[in-house]
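Scroll down for the structure; my scribbles are underneath it.
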Amino acid sequence: MTFASLGLCSPLLLAVRELGYEAPTPVQRAAIPAILAGCDLWASAQTGSGKTAAFALPILELLSRAQAPHPRPVRALVVVPTRELAVQIGQAIERYARDLPEPPKTCVAVGGVSINPQMMALGGGADLVVGTPGRLLDLVEQNALDLASVQMLVLDEADRLLALGFADELSRLLALLPSERQCLLFSATFPPKVTRFAEQLLREPVRINVDAGAAPSADVLTQRVIEIDAGDRTRLLQHLLRTDAWPQLLVFVASRDGADEVTLQLARAGVSVAALHSHLTQAARTQALSDFKARRIQVLVATDLAARGLDIAQLPAVVNYDLPRSAMDYVHRIGRTGRAGDKGVAVSFVSAATAAHFRLIEKRHQLSLEREQVAGLTPKELTVPPRDVHGGVKGKRKSKKDKLREAAARAESSAGDGKKS
Ligand code: AMP
């Protein structure tokens, strides 16, 4: 199947050709005709599946088919959980739209930066707005944004939106939209809360499922596990940077302090590195991400704030310096590499204390990965012998420490969301 057979106009076909997309991905093949036909969409799409183009291309097609009214009312609204994702989607839309004779006016509305430029940008109206819920509501309250003419609504990463506690903001936003509208809901997972939400929102949706939640296949992504004492992890990281010669590397850590600490240690060792977490100012976050995307720095050390949705082209490697909390987070993290046909490697550091937790992650994904050790850095702490993961393994039932860690992670996520201004 080709893009041309999906019913897109030639300027959009030209843009995807210029971007080097040879054929539509599975989610694009299913979503684009359904959206062009005016259907609601219930899509569970794996991260890196090309879902942005799956909704952006048909929205641009539909917007460009109709004459833009004057003044421009907002006709399409994309709601996302994080500022970074909003900016990334805004940029993708601009790239897809650049050959259209009259590219729709697109505005990005996110918190963490001054509201005034966004109010100014919306001044003459806009065809398409991408934003985080809190800032969108702020703009409505300031009379800078009117959502009464929205014809197409996209909720991207719906599971994350609800997990971050955006349910109230979403209800308030939905109440501002006309009842006749097309709604497209994308989510990596469908826990009961998201399913209930989708059922209330969508009308006879076309359902698309492109294997959400599955670990990427082995021919695209190599998963490695290295046993290491916790105190030796930064040395191991330096060793891997030397031996594996990755041009770029995304390192995941569990906490903001951890991110700062690892960043400092790598910087002292002469590595070009930046941290990305929610305690940084929005300007510092944007700078770190754009430096990394432009390959001005080699290593980005991030908390899970960076684990979802972000698209970093041709990222060759990801390291789990700290293991993710859940098996699903593992998929989201390693999904940052091996995207859209590029090959990638994901390395997890496992210590005596985290060995059982990693076995649980493997079990959930039916993996059985070989353990590596690195000469000169072999673990000295006693490695917990493999145990039957059915019984008594830490992580089956949440300990008090686990609950505290989860609460901290939630606080981290919500501090990094689009609520703040
Ligand atoms: P997304 O899942 O939307 O974050 O997209 C992941 C990456 O895939 C982005 O870098 C897109 O530019 C790229 N991409 C999207 N569609 C295609 C396609 N049909 N062929 C090749 N790459 C694509």
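The values are calculated or read from the model by the stated rules, or taken from the named source; none is laboratory data. Keep in mind that what you see is a predicted model, and the values were worked out from it rather than measured. Reconstructed Cβ throughout: ideal geometry from the backbone, glycine too, with neighbour counts over all protein chains shown. Note: accessible area is taken over every heavy atom of the protein model, side chains too, but ligands, DNA and RNA are not part of it. Shrake-Rupley method; radii C 1.70, N 1.55, O 1.52, S 1.80 Å.
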Can you tell which of V113, V154 is modelled with pLDDT of 95 or more and of a type in the set (V, I, T)? V154
Taking only segment 33-59 into account, find how many residues are closer than 22 Å to V74 by Cβ and within 14 Å of the ligand (Cβ to nearest atom). 9
Tell me which residues, restricted to segment 54-96, are within 15 Å of the chain's Cα centre (by Cα) and among the aromatic types (F, W, Y). none
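Return the total of residues in segment 244-256 being in contact (Cβ under 8 Å) with a residue 40 or more places away in the chain and in a loop (DSSP other than H, G, I, E, B).
Residues that pass the stated criteria total 7.
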Which pairs have Cβ atoms under 7 Å, sit 6 or more apart or on different chains, and link a residue in segment 31-55 that is within 19 Å of V194 (Cα to Cα) and without any contact (Cβ under 8 Å) to a residue 60 or more places away in the chain to one that is among the charged types (D, E, K, R) and within 15 Å of the ligand (Cβ to nearest atom)? none
Residue check, A76 surrounded by 21 or more Cβ atoms within 10 Å (Cβ to Cβ), under 17 Å from L184 (Cβ atoms) and more than 16 Å from the ligand (Cβ to nearest atom): yes
Out of the residues in segment 220-243 meeting the condition of being touching a residue at least 24 places away in the same chain (Cβ under 8 Å), among the charged types (D, E, K, R) and part of a helix (DSSP H, G or I), tell me which one is farthest from A327 (Cα to Cα). R235
Selection from segment 128-148 of residues that are open to solvent by 50 Å² or more (accessible area, probe 1.4 Å) and part of a loop (DSSP other than H, G, I, E, B): Q142, N143, D146, A148
Restricting the first residue to segment 15-28 and requiring it to be at positive phi, which pairs with a second residue that is open to solvent by less than 50 Å² (accessible area, probe 1.4 Å) and near the ligand (Cβ under 8 Å from one of its atoms) meet a Cβ separation below 9 Å and a spacing of at least six or different chains? none
Please report, ordered by residue number, the helices (runs of 4 or more DSSP H) entirely within segment 257-366 with at least 3 residues that are within 30 Å of P379 (Cα to Cα), at pLDDT 90 or above and more than 16 Å from the ligand (Cβ to nearest atom). 355-364
Can you find even one residue in segment 106-127 that is in a helix (DSSP H, G or I) and among the acidic types (D, E)? no
Picking from R296, R256, the residue that is over 25 Å from L161 (Cβ atoms) and basic (K, R) would be R296
Which one of these is open to solvent by 30 Å² or more (accessible area, probe 1.4 Å), assigned to a helix (DSSP H, G or I) and either modelled with pLDDT of 95 or more or closer than 26 Å to E84 by Cα (or both): L12, L57, L62? L62
